[in-house]
Structures are given as C-alpha cells and as structure tokens.
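What follows is a short report on a single structure.
Just so it is clear, none of the values below were taken in a lab; they were calculated from the coordinates. Keep in mind that this is a model prediction, so the values were computed, not measured. Cβ sites come from the backbone with ideal geometry, for glycine too, and all protein chains shown count toward neighbours.
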There are 2 protein chains.
Amino acid sequence: MADFRLMQDLAQEAKTKMVLLVMDGLGGLPHSKGGPTELEAAARPNLNRLAREGTLGQSLPVGHGITPGSGPGHLGMFGYDPLRFDIGRGVLEAFGIGVEVGEKDVAARGNFCTVDAAGLITDRRAGRIATDAARPLVEKLATIRLPGVTTEVRPVKEHRFVVVFRGDGLSAELSETDPQRTGVSPLPVRALQAKASRAADLFNQWLAEAHKLLAKDRPANMVTLRGFSGDPRLPKFGDIFKLRPACVAVYPMYRGVAKLVGMQTIAFDGDAPADEFAAVARAWKDFDYFFIHIKATDSRGEDGNFDAKVKAIEAVDQALPALMQLAPDVLVVTGDHSTPSAMKTHSFHPCPLLLWAPATVRADEETSFGERACMRGGLGTFAAIEIMPLMMAHANRLAKYGA
Amino acid sequence: MADFRLMQDLAQEAKTKMVLLVMDGLGGLPHSKGGPTELEAAARPNLNRLAREGTLGQSLPVGHGITPGSGPGHLGMFGYDPLRFDIGRGVLEAFGIGVEVGEKDVAARGNFCTVDAAGLITDRRAGRIATDAARPLVEKLATIRLPGVTTEVRPVKEHRFVVVFRGDGLSAELSETDPQRTGVSPLPVRALQAKASRAADLFNQWLAEAHKLLAKDRPANMVTLRGFSGDPRLPKFGDIFKLRPACVAVYPMYRGVAKLVGMQTIAFDGDAPADEFAAVARAWKDFDYFFIHIKATDSRGEDGNFDAKVKAIEAVDQALPALMQLAPDVLVVTGDHSTPSAMKTHSFHPCPLLLWAPATVRADEETSFGERACMRGGLGTFAAIEIMPLMMAHANRLAKYGA
C-alpha cells in the first residue's frame, strides 16, 4: 500500500476501536530442530482463543530477507513504507524522551562504553550501567561547550543517552563511531557528504572532551555515537487515517516512533503488560487506535533466553482478558520483527500475526497462535504496511474504492 | 526487492556458501486429474529430506499468470527485475558460446528448419539435427557478405545457431521470423521502430542468401531468426551481493545469462547431474555462490514426456548426496518456470521452491518437495526476485536495515 493518498481518500471516521498489540521481536525459532518456537511453547490460552476466532498470517516488516531495526519495523506497521521513510536512531531516541529535534538540529544516540588504557573498547555498553549511575555522567557531558552550537545531552535508559546539536550549518550525514565490536578504538566521526564537515568536526571535538571528562569513571569511561539524524517530518498518522491514535509503551524509543507519526503517548506507572492494558482502559474513550508496545519479548530474545521469552509471552497472555474486556472492534497481535532467542538478535524471519475482529473477520481454520499456524493462516504472507489497511477495513473505516 | 541499492547497502561478506539448484521447467501438472505432478511422482528421498528440514514456497518468475522465457526466468532468480531488464535470446545465446555482443551490435538466435517446395515450414527444428550436422551449414551461412556490416555466425547445439551483425546504424527493434507453427512460411523481418529499418533490410537480405545457400540441404534447408537483441549492460551480480559467483550449466544459453550478470562459468566434462555436482565440488573453495542449471527437466517437459521428466528429476535426486556432502549453508532448489509435460511448453504456473539452511531456516511442517506441499509452504507465494534476498539473509550476508 504505502499510498497515503488512497488511504486519505478512503478513510472515514467511525465509532470503532482498534488495537495494535506489538510484542517486540515476537517471531522466534525452535530451541532444538523440530521443536516449538518460543511462541508455540508458551501457555497462551487467550491468544489461542483469539486465533480460533480470528485469522492468521505472516507479516514482512520490510521485505523478504530483510532484518529491520526498530524504526523501520514500527513504521511499517503504522503504514509508512520503511524503504521510503528512513529515520535515524538519534531522532527516535530523542523524541522518546521528549527532546525536540528541529529542522536544523542533529540528534545522535549515545552509548556509554568501557575502554582500556590503550583506548580499546572492552565493553560496548559499559556493563549496561543503571540509569541512575548514568545520570551524573550525562550531567558531566552536558557541560561541554562548543563554538556556534548549543548541545543538549539527556539520559535514556541504562547505558543509553541522547545528544542533540543545534545551530546553523549542521548536517546529519555522518558516520557512526561505534565499531560494533570490542578490542578496537571508537571510530572518529566522518562527514559522508561535504556539507557535513562542520558537524563532523564539532562532534569529534565533543567526543574528545567527553573522553577527558569521563577518564576516571568506571566502567563508563568513554562514549560512542550512532544514528546521527534530523527531523524526518513524517505525514501524521491521525490525518492519513482520520483517527485519534494513542501509544502505550514502556520504553522511550517506541514512544519516540509513535510521536514521530503524531500519536499521543499515554503516561502510566509500572512496566508489566497489566499496567499497559490498564493505561489503555483509562484512555479508552478518548482514542480510536491504540498502539501497545511490549518490550520484554525482544529483550529476552536478545538475551538468548528461550524460557524467559516464553514467560514474557505468557505474561501478555495472562493479562489479555483485561484488554479484551474493553471489547475492541479490531485487534492485531504481532511483532515489529523476529528476535529468535537462538540468534540473540533481530532476524529477517516473518512475524506471526493474528487479526481478531468479531464483526468483520473471515476466520481461517487455524486454532492456535504460533509461527507454523501463521504460515498457513488465511491472510497469507504480506508486507507489514498492509496491516493498517487491514485494520481500517475490519473496523469499517475504509470507503469503497471506485464506483 | 529489485532494489540494488538496498542490497548493495546491506550485503556483507561472509564465509557462507550458497547454492541455487535450478531444474529448468521444474513445475508441472498431473498426468490425470487429481494425480501427482512429475515432481510429486518422482522417487525423491533426498529432496524430501531437505523439504522436511527446510521450508517451502512458490516463486513467481515474473508475476501471476506470466509465462517467462528462459532469460526473464533466470534474471528473476538472480535478483534482477525481469520487467526492468529485458534481454533478448540472441544475446543470451551469443554470450553462452563466448561470442561478444558490443554496444552497436545486434545478435539473433537462429534455428535451422525444414520447408517444403512451396516454402512452408514442415519442421521448425529440422528434426533437431545433430550439432555435428549443423556445423557445415553454419559455415555456409558464414560466407554471406552484406554491405556495411560484418557478420558472425556460430553453431550452438543441435538446430540452434547465433548470428551477430556488427556495424553502424543498426538496431535490435526487429520482429522475429519464426511463425511458431508449421504449414506457413517464415515471416520477414520487420522494423518495430523507424531506426531499425536498415537492420531489417540487412537481415532480410541475409535470410534470402541463406535460403539460396541451404536450398539443397535436408532436413535443414532454411532458417528462422528470433530474439534480436543488443548488450543489455547489466549491473554485476558479484558487485551487488558482494560475493564470488559461479555457474555450472551444460547448455550454452544458461552460461550466457550467467555471464551477462558477471558470473564465472566453470568448464566440465559430461552432462549428467553428477558431472555438474562434481564440477561444483572442484570449484567449491573458490566461490561463494553456485548457480547449477539442469536442462533435462525442461527438455522432457517440452517433449510432453511425463515419465521421462520424472526420471530427469530422479536423476538429480540420486546425485544430490554428492552436492550435500559439500555442506552448503544455503541451498535453494527451484525452477526458472514451469514446463508441464501435459502442456509441452513453458507455463505460467508458479515454481515449487525449497529452501534449506540448517543454521537459520524457520522450518515449516511440510514433509515432501512437490507442488502441493509448496502451496502450503512457510515462505508463501512470492516473486522470484526475492530469492536472492532470502538466500543472502539465510547465509548471514545481509546487515540490519535501519536503527
């Protein structure tokens, strides 16, 4: 799809409510050949009931064989062609913590890391230091002054922070400094286009100052910068689809991508699925579309912990009745990509997808929610950018095309 | 996909080995309603084992309902959008036998045929005369002289030859002379665009001379010309996907298409699947990607011989252990199109496809390699240009897209 004009022409308001429940990195692989995947291994009576009543399929976040980052993975589910809209991680992280990135600004995602006496990286995440431990280090970095630009540095979570440069003559066409492995030095920032040479100089000056300021700290005695990016100025989700969208997410980055498309983020306490569903319940009457993001599935997959990922899925299933009590008209459960615990990283495998819409769905014959059931599902294998047209249609929110 | 920039951005080198095993015209139809297809009827224990361990799907060489020629069929599997890159058969055949086709040249594929006293075609392939019998006829044709152009005529195999015109002011926008049926005369060459009128005149003069020179030969007493074409100047496969590709094929045309995309062709003796796999084994350490082409499946399909096509498939299956002993990381088995023996020609039906990649595949629940199992397969039905992204991903040769 990815044709906003078509959606804008056909989208119509309705009283129906839609929920996109994203279990980040949901798709998995068997622990041993022929065995169940994490999702298939999970006790999931509620998801299985929805699968029986709804229809299944496989969504491709970007395309066959393409492993998506979190930005493209979510943009696709929101109906934005991830090959057309390229958003840097710096901007995503910045938006997620409420830091504005203006037209002229350049944002970067920073990681505290550990380097040895020779300056070689020994831990790319500084032992994943606690958010509280990172805060005073971020305050040190915020004291760095550079000629002609203002800088804002803000903690995100654990070893992650955001730095934004503001001033004239900047460009985000810059190479990253994280070498993606240990035993080597952080890389210098390089200008990928001539117009970015001033920005490259400034970021390198900033990194040199950061190195001095952090020299005596342990384990976080250096930083790396990634995802240099500016405001991508995306068309607004609510305008395209004529609805009031809300985001419920624990992690800043996912609130960030939701804000980028113009969703309202809902604040809440706690970080369990039940807390997220309770937040949805409180906001239920004020919005038409809820994007709910569950992070634990991806985190446990990245840890390589099959059983913990199973438990993360079970926690969602157990909390699900509270969400279903709200009686959404359309519910889609899927992932933004696969994160098989066997691979400990995002993968290219399609995402299992469940579409439940009691009034409008054409149910298939599958009776459980799992990767192999989804391979046979009634929706087939399709691009994630088709999720929004499918949800809109099942919610009676798309007019007929043509006479 | 068909987006070379994306592939070039994401492709990364690795030590993994990939094999694309193409059984030309593999897809078939049942001999009688409800019965097995050629592939389903074949004894294929090795292919079935790979199907159990891997995942299946259906590939569409060009698109739903489109019957591909060999050029588009292969380009798609190599990742080149066959609707964007249009390669004539003349160029394919010429490259296959080592005849260069320069920027200004026009190549055509020729067929010896048999005509009666009235000039009507009685056999479009002159009884598929032997290559040795065709050679002196080709030498006769090579004596034809035309004003302002040089010509090169070269035998290919059996009734097939190649003719290349070289000179200024030529164009390949020409209509074919093979009427595709018997009982009628060969057609004249017509210019499809005004700029091709000189080329049309020259080819018609050449055909008139050929008619005179061959008048007393039997059964090959005339020729038809098809696939007028020039060098399409394709981007190179190895550059796009950052790998060292090799081709193992018995028939010149398939070596031709491989050369067109920059693959290295490997010489070997014999024409059995076992000979081809032995050639792969000898070259194994020097390349990352092997395109292996099996012709017999298509030839027996075109003969309309169900049982012989079954045997051609069984010959591949029997030889397969030698290929598997090399322990490829990724193996795809498919066809460039379907050639059901019931139709005696290429067809538009999707190609059964098997993807085997022990370290990275998400296996489906299918237990045999056949058309109907592939309809239910975990990969779904997808464009053949997705085969390369899928192989690259399963070989850990594609980086993550986006942050």
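Quick notes on this one:
- Between copies, the label points of B:G63, set 7 Å from Cα on the Cα→Cβ line, lie 1.6 nm apart, reported in increasing order to one decimal in nanometres.
- Largest-first principal axis extents of the Cα set of the range A:1-40 (Å): 49, 24, 15
- Choice from A:D231, A:D269, A:D336 with maximal GNM fluctuation in chain A (Cα, 10 Å cutoff): A:D269
- Estimated FRET transfer efficiency when R0 is 30 angstrom, pair B:A359-A:Q318 (beta carbons, to 0.05): 0.35
- Over 18 Å (Cα to Cα) - which of B:K104/B:K195; A:K242/A:K295; A:K157/A:K309; A:K195/B:K400 fall in this group: A:K242/A:K295; A:K157/A:K309; A:K195/B:K400
- Spin-label model distance (nm) - B:D275 vs A:K236, 7 Å beyond Cα toward Cβ: 7.0
- Kirkwood hydrodynamic radius computed over the protein assembly as shown comes to 29.4 Å, based on all pairs of distinct alpha carbons.
- Mean separation of Cα contacts under 8 Å (6+ apart) over length of chain A, as relative contact order %: 34
- Gaussian network model of chain B, Cα within-10 Å springs - most flexible of B:T297, B:T143, B:T37: B:T143
- The range A:216-334: C-alpha gyration tensor shape, a/c 1.5 cut-off, then a/b vs b/c: oblate
- Position A:Y401, label points 7 Å along Cα→Cβ, spacing to each other copy in nm (shortest first, one decimal): 2.1
- Inter-label distance for A:E100 and A:Q205, nm, one decimal - labels placed 7 Å from Cα along Cα-to-Cβ: 2.5
- Per-selection Kirkwood Rh - the range B:142-278 (Cα, Å, 1 d.p.): 17.5
- Calculated [θ] (222 nm, deg cm²/dmol) that DSSP helices of n ≥ 4 give over chain B, each run adding -39,500 (n - 2.57): -9000 deg cm²/dmol
- Summarising the amide proton neighbourhood of A:R244: residues at separation of 5 or more, or on other chains, whose placed amide H is nearer than 5 Å comprise A:D288, A:Y289.
- When the alpha-carbon atoms of the range B:1-101 are used, the pair Rg, Dmax equals 17.3, 49 angstrom.
- A:A267 label point (Cα plus 7 Å toward Cβ) to equivalent points in the other copies: 7.7 nm, shortest first.
- Note on A:K216 and A:N305: the extension gain reaches 28.6 nm, defined as 0.36 nm multiplied by sequence separation minus the Cα-Cα distance.
- Once C-alpha pairs closer than 8 Å and six or more residues apart are averaged by separation and normalised to the residue number of the range A:143-187, the relative contact order reads 25 percent.
- Per-residue mean of C-beta atoms belonging to partner chains within 10 Å, peptide B:321-328: 0
- Per-residue average of Cβ from other chains inside 10 Å of B:380-393: 4
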